[in-house]
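For reference, the structure discussed in these notes is given below.
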Amino acid sequence: MAKYEVNPAGVERARSLIDAKQYVLDSDWGEAAPTADDENAFLKTHSWDEYALWHLGLTDGATDETKARYAFVYGDFKRVHRTALIACVYRASEWRHKSVELAAHKLLQHLDKTSG
(Lines give C-alpha, C1' and ligand atoms only; values in the text may rest on other atoms or scores of the structure.)
Protein backbone atom coordinates (compact mmCIF):
# COMPACT_ATOMS: atom_id res chain seq x y z
CA MET A 1 0.00 0.00 0.00
CA ALA A 2 1.23 3.48 -0.85
CA LYS A 3 2.22 5.83 1.94
CA TYR A 4 1.43 9.52 1.93
CA GLU A 5 2.67 12.63 3.65
CA VAL A 6 0.73 15.86 3.99
CA ASN A 7 1.29 18.43 1.26
CA PRO A 8 1.60 21.64 3.34
CA ALA A 9 1.33 23.87 0.26
CA GLY A 10 -1.90 22.13 -0.76
CA VAL A 11 -3.35 22.51 2.73
CA GLU A 12 -2.47 26.22 2.77
CA ARG A 13 -3.97 26.73 -0.69
CA ALA A 14 -7.21 25.02 0.36
CA ARG A 15 -7.40 27.19 3.47
CA SER A 16 -6.83 30.33 1.38
CA LEU A 17 -9.58 29.35 -1.05
CA ILE A 18 -11.97 28.72 1.85
CA ASP A 19 -11.10 32.10 3.37
CA ALA A 20 -11.78 33.72 -0.03
CA LYS A 21 -15.17 31.95 -0.18
CA GLN A 22 -14.10 29.91 -3.20
CA TYR A 23 -15.98 26.74 -2.33
CA VAL A 24 -18.96 24.56 -3.24
CA LEU A 25 -20.98 23.34 -0.27
CA ASP A 26 -23.24 20.83 -2.00
CA SER A 27 -22.00 18.75 -4.91
CA ASP A 28 -21.86 15.17 -6.08
CA TRP A 29 -18.11 14.64 -5.83
CA GLY A 30 -18.33 11.57 -8.05
CA GLU A 31 -19.55 13.89 -10.82
CA ALA A 32 -17.51 16.99 -9.90
CA ALA A 33 -14.14 15.34 -9.32
CA PRO A 34 -11.58 16.06 -12.02
CA THR A 35 -11.23 13.32 -14.62
CA ALA A 36 -7.92 12.34 -16.21
CA ASP A 37 -8.86 14.56 -19.17
CA ASP A 38 -9.55 17.48 -16.79
CA GLU A 39 -6.16 16.95 -15.16
CA ASN A 40 -4.42 16.85 -18.54
CA ALA A 41 -6.18 20.03 -19.66
CA PHE A 42 -5.16 21.77 -16.43
CA LEU A 43 -1.54 20.70 -16.88
CA LYS A 44 -1.47 22.10 -20.42
CA THR A 45 -1.95 25.62 -19.05
CA HIS A 46 -0.54 25.34 -15.52
CA SER A 47 2.67 24.18 -13.87
CA TRP A 48 3.16 21.02 -11.86
CA ASP A 49 3.53 23.25 -8.78
CA GLU A 50 0.05 24.65 -9.43
CA TYR A 51 -1.29 21.12 -9.94
CA ALA A 52 0.26 20.05 -6.64
CA LEU A 53 -1.61 22.82 -4.81
CA TRP A 54 -4.90 20.99 -5.45
CA HIS A 55 -3.81 17.92 -3.49
CA LEU A 56 -3.58 17.32 0.26
CA GLY A 57 -1.22 14.37 -0.01
CA LEU A 58 2.14 13.51 -1.55
CA THR A 59 2.90 9.90 -2.38
CA ASP A 60 6.11 8.74 -0.72
CA GLY A 61 8.64 7.55 -3.27
CA ALA A 62 6.80 8.84 -6.34
CA THR A 63 8.65 11.10 -8.73
CA ASP A 64 7.85 14.81 -8.67
CA GLU A 65 5.98 16.12 -11.70
CA THR A 66 4.02 12.91 -12.20
CA LYS A 67 0.35 12.42 -11.38
CA ALA A 68 1.31 9.52 -9.13
CA ARG A 69 3.07 11.97 -6.79
CA TYR A 70 -0.11 13.88 -5.87
CA ALA A 71 -3.08 12.43 -3.98
CA PHE A 72 -6.26 13.46 -2.21
CA VAL A 73 -7.58 16.12 -4.57
CA TYR A 74 -9.93 18.55 -2.77
CA GLY A 75 -11.42 20.59 -5.60
CA ASP A 76 -12.20 21.01 -9.26
CA PHE A 77 -9.20 23.26 -10.10
CA LYS A 78 -11.40 26.29 -9.39
CA ARG A 79 -12.99 25.82 -5.96
CA VAL A 80 -12.83 23.63 -2.88
CA HIS A 81 -15.68 21.12 -2.71
CA ARG A 82 -17.00 20.20 0.72
CA THR A 83 -17.78 16.71 -0.56
CA ALA A 84 -14.17 16.36 -1.75
CA LEU A 85 -12.90 17.12 1.76
CA ILE A 86 -15.33 14.53 3.14
CA ALA A 87 -14.02 12.02 0.58
CA CYS A 88 -10.43 12.84 1.60
CA VAL A 89 -11.22 12.29 5.27
CA TYR A 90 -12.97 9.02 4.48
CA ARG A 91 -10.29 7.62 2.15
CA ALA A 92 -7.41 8.65 4.39
CA SER A 93 -9.17 7.18 7.41
CA GLU A 94 -10.02 3.96 5.60
CA TRP A 95 -6.38 3.37 4.63
CA ARG A 96 -4.94 4.74 7.91
CA HIS A 97 -3.15 7.75 6.51
CA LYS A 98 -3.64 9.63 9.76
CA SER A 99 -1.79 12.86 8.94
CA VAL A 100 -3.76 13.38 5.70
CA GLU A 101 -7.00 12.43 7.45
CA LEU A 102 -6.43 15.04 10.16
CA ALA A 103 -5.42 17.74 7.67
CA ALA A 104 -8.58 17.13 5.63
CA HIS A 105 -10.71 17.05 8.78
CA LYS A 106 -9.31 20.39 9.96
CA LEU A 107 -10.04 21.93 6.56
CA LEU A 108 -13.58 20.53 6.63
CA GLN A 109 -14.13 22.06 10.07
CA HIS A 110 -12.70 25.38 8.85
CA LEU A 111 -15.00 25.31 5.82
CA ASP A 112 -18.07 24.57 7.95
CA LYS A 113 -17.17 27.38 10.37
CA THR A 114 -16.44 29.85 7.55
CA SER A 115 -19.58 29.05 5.57
CA GLY A 116 -21.78 29.42 8.66
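The values are calculated or read from the model by the stated rules, or taken from the named source; none is laboratory data. It should be emphasised that the depicted structure is a prediction, and the values quoted were computed from it without experimental measurement. Every residue, glycine as well, gets a Cβ built from its backbone with ideal geometry; the counts of neighbours run over all protein chains shown. Quick note on the areas: whole protein, heavy atoms, side chains included, nothing else; ligands and nucleic acids left out. Shrake-Rupley method; radii C 1.70, N 1.55, O 1.52, S 1.80 Å.
From the backbone phi of region 66-77, what are the Karplus-calculated ³J(HN,Hα) couplings (6.51 cos²θ - 1.76 cosθ + 1.60, θ = phi - 60°) in whole Hz, Gly and Pro given as x?
In residue order, the calculated couplings are 10, 4, 4, 6, 10, 9, 6, 5, 10, x, 9, 6 Hz.
What nm value, rounded to one decimal, do you get for the distance between D60 and S99 when each label is placed 7 Å out toward the C-beta?
So the label points at D60 and S99 sit 0.9 nm apart.
Given the rule -39500 (n - 2.57) for each run of at least 4 DSSP H residues, summed and divided by the residues of the chain, what is its mean residue ellipticity at 222 nm, to the nearest 500 deg cm²/dmol?
On the way: 6 runs with 62 residues, N = 116.
Computed mean residue ellipticity for the chain: -16000 deg cm²/dmol.
If you filter region 39-116 for GluC sites (Glu not before Pro), then keep DSSP loop positions with at most 15 other Cβ within 10 Å, what is left?
Details: sites: E39, E50, E65, E94, E101; in loops: E65.
Within region 39-116, the qualifying GluC sites (Glu not before Pro) (loop, at most 15 other Cβ atoms within 10 Å) are E65.
For V24, what residues show an amide H to amide H distance below 5 Å, using hydrogens built from the backbone and excluding near sequence neighbours?
So V24 has HN proximity to V80, H81, R82.
State the percentage of accessible surface on the chain attributable to carbon and sulfur atoms; use a 1.4 Å probe and exclude ligands, DNA and RNA. Mind dumping the intermediate values first?
Numbers: 3310 of 6630 Å².
Exposed carbon and sulfur together represent 50 percent of the surface.
State, to one decimal in nm, how far the label point of T45 lies from the label point of K3, with both points 7 Å from Cα in the Cβ direction.
3.9
Between region 1-53 and region 76-101, what's the alpha-carbon centroid distance in Å?
Here the answer is 11 Å between Cα centres.
Kindly state, as a whole number, the per residue volume in cubic angstrom of the convex hull around the alpha carbon atoms of region 18-91.
Working: hull volume 7.0 nm³, N = 74.
It comes to 95 Å³ per residue, whole-number rounded.
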